[in-house]
1. For the residues 70, 48, what sequence is obtained by ranking on other C-beta atoms within 10 Å, fewest first?
2. For residue 77 and residue 3 in the same chain, what is the full-extension length gain: residue separation times 0.36 nm, less their Cα-Cα distance, in nm?
3. What whole-number value in cubic angstrom gives the convex hull volume per residue for the C-alpha atoms of the chain?
4. On alpha-carbon atoms, Rg over Rh for segment 35-75 using Kirkwood Rh?
5. For a footprinting-style exposure proxy, rank 61, 11, 19 by other Cβ within 10 Å, fewest first.
6. Taking 7 Å along the Cα-to-C-beta vector as the label spot, tell me the residue 64-residue 26 distance in nanometres, rounded to one decimal.
7. Could you check how many percent of all C-alpha pairs in segment 1-45 are farther apart than 15 Å?
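Values in this text are rule-based calculations from the coordinates and carry no lab data. Just so we're clear, the structure is a prediction, and the values are computed from it rather than from any experiment. No Cβ is skipped: glycine too gets one built from the backbone with ideal geometry, and neighbour counts run over all protein chains shown.
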């Protein structure tokens, strides 16, 4: 299990993930601590490479109150980072 941006991700070597935005440039590699087969091996590390920064799908949020002509419409797009897992070390 890899924890990035407050979320847990199940990873394998070569897998691509969309995670919450990381402050890394495209093409840069980084290393993060990970849990590998908890009762057997325990702690380890994962090396990953940033492919690109992108935006998630648009989510529309509507507020409405009956009989008072109150309507609000807002949109939200999450800032995401696409990474690829290069190496898992135990």
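1. Ascending number of Cβ neighbours within 10 Å: 70, 48.
2. 24.5 nm
3. Expressed per residue, the convex hull around the Cα atoms of the chain is 113 Å³.
4. 1.45
5. Exposure proxy ranking, most exposed first: 61, 19, 11.
6. 4.0 nm
7. That tail contains 48 percent of the Cα-Cα pairs.
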